[in-house]
1. Relative contact order for the range 1-112 using alpha-carbon pairs under 8 Å, separation at least 6, rounded to a whole percent?
2. Taking the Cα centre of the chain as origin and charging only Cβ (+1 Lys, Arg; -1 Asp, Glu), how large is the dipole, in debye to the nearest 20?
3. Using a 1.4 Å probe on the protein heavy atoms, what percent of the accessible area of the chain belongs to carbon and sulfur?
4. Using the basic label-point model (7 angstrom from Cα toward the beta carbon), what is the SER124 to ALA40 distance in nanometres?
5. With every protein chain kept in place and ligands, DNA and RNA left out, what is the accessible area per residue of the chain? Probe 1.4 Å, answer in Å².
6. Would you please name the chymotrypsin sites (Phe, Trp or Tyr not before Pro) within the range 19-86 that are DSSP coil residues with at most 13 other C-beta atoms within 10 Å of their C-beta?
7. How much accessible surface does SER124 have with a 1.4 Å probe, in Å² rounded to 10?
8. Subtract the Cα-Cα distance of GLN1 and ARG67 from 0.36 nm times their separation in residues, and report this length gain in nm to one decimal.
Amino acid sequence: QVQLVESGGGLVQAGVSLRLSCAASGLTFSSYTMGWFRQAPGKEREFVAAISWSGKSTDYADSVKGRFTISRDNFKNTVDLQMNSLQPEDTAEYYCGATPRPYASTWKSDYDYWGQGTQVTVSS
């Protein structure tokens, strides 16, 4: 079955960087757009970043543009999220998702598969 496993979360101070990784198995990875979403306590899960099958197309939430970078390795079946200049408002559970849509979808309803999440906490 399809498995998405996130890693790399933690407790950090504002201004530092973290790199999240998502390892995928059980699917033809290079045929799936991959996305990162996040959910803070009491809030809806929101889009963060997405990358298309080939990696040529990406999209970012306005709140993370210029600070976060999504990348993928279709040989290793992984998708990473490099997060720089972290702020307390970035605190959330971060989820990796996979969708067969051929574009970098920002809609969580497009995503068929999800990981279990990794917690990122940024202190001020």
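1. Over the range 1-112, the number comes to 34 percent.
2. Roughly 200 debye, rounded to the nearest 20.
3. The computed percentage sits at 48.
4. 1.1 nm
5. Heavy-atom SASA per residue in the chain reads 50 Å².
6. In loop regions of the range 19-86 (DSSP not H, G, I, E or B), the sparsely surrounded chymotrypsin sites (Phe, Trp or Tyr not before Pro) are PHE75.
7. It works out to around 130 Å².
8. Here the segment from GLN1 to ARG67 would lengthen by 20.4 nm.
The values are calculated or read from the model by the stated rules, or taken from the named source; none is laboratory data. Here the structure is a predicted model, which means the values were calculated and not measured. As a convention, Cβ positions derive from the backbone with ideal geometry for all residues, glycine included, and neighbour counts pool all protein chains shown. For accessibility, only protein heavy atoms count, side chains too; no ligands or nucleic acids. Shrake-Rupley method; radii C 1.70, N 1.55, O 1.52, S 1.80 Å.
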